[in-house]
1. How big is the shadow of the Cα convex hull of the chain, averaged over all directions, in nm²?
2. Whenever you get a sec, line up Arg116, Arg70, Arg20, Arg52 from highest to lowest accessible area (probe 1.4 Å, protein heavy atoms).
3. Could you list the chymotrypsin sites (Phe, Trp or Tyr not before Pro) in segment 28-127 that lie in coil according to DSSP, counting only those with at most 16 other Cβ atoms within 10 Å of their Cβ?
4. Please work out how much length the chain gains when fully extended from Val21 to Ser84, using 0.36 nm per residue of separation minus the C-alpha to C-alpha distance, in nm with one decimal.
5. In deg cm²/dmol and to the nearest 500, what is the mean residue ellipticity at 222 nm of the chain if only DSSP H runs of at least 4 residues count, each as -39500 (n - 2.57), divided by the residue total?
6. Round to the nearest 10 and give me the degree value, 0 to 90, for the angle of helix 97-108's Cα axis relative to the longest principal axis of the chain.
7. Quick one: Karplus J couplings for segment 27-42, per residue in order, coefficients 6.51, -1.76, 1.60, θ = phi - 60°, nearest Hz, x for Gly and Pro?
8. On the full set of protein chains, 1.4 Å probe, figure out the accessible area of Val75 and give it in Å² to the nearest 10.
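The values are calculated or read from the model by the stated rules, or taken from the named source; none is laboratory data. These numbers come from a predicted model, not from an experiment. Backbone-built Cβ (ideal geometry, glycine too); neighbour counts: all protein chains shown. When the accessible area is computed, the model is the full protein with side chains, heavy atoms only, and any ligands, DNA or RNA have been set aside. Shrake-Rupley method; radii C 1.70, N 1.55, O 1.52, S 1.80 Å.
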Amino acid sequence: QQNSAKHMTAKSHHSAEIARVTLQYIREHCSEHINEQSIAAAMGYHPYYLSRLTQLYYSITPYRYLMQCRLEYAVHLLCSTDLSIGAVAEACGFSTQAHFSAFVRRETGMSPNVLRKNGWHGGTGTL
């Protein structure tokens, strides 16, 4: 009975570490063209397994965390650089400026240009 409890503790610690490292990988690579499949391949686990672990330990899926990181990076670039909207979109890992602009508007309630002009401190979006 005691060995079983030790095994479960070690297993859950290992699972928590996988979740932590997955989110760390996403944070470090969010500006690249990555997705759930490439994240899973880099981590050596199935996308569904990683999603279950990150939801269990951090209450967020890898995809939502990726988009959250991209939004934070986009806000930083929009508010602290003079890069064009297209350049910010590319730097944040979006394939098109239109997709980027729609994402920023959906998450912040503002277009990238308005966000750049007024700044954003969170709150309106779904992230």
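1. One quarter of the hull surface, i.e. the mean projection, equals 8.6 nm².
2. Arg52, Arg20, Arg116, Arg70
3. Filter output for segment 28-127: Tyr45.
4. Gain on extension, Val21 to Ser84, equals 19.4 nm.
5. Calculated from helices alone, the mean residue ellipticity at 222 nm is -23500 deg cm²/dmol.
6. 70 degrees
7. 4, 6, 10, 4, 7, 8, 7, 10, 8, 4, 5, 6, 5, 4, 5, 5
8. 20 Å²
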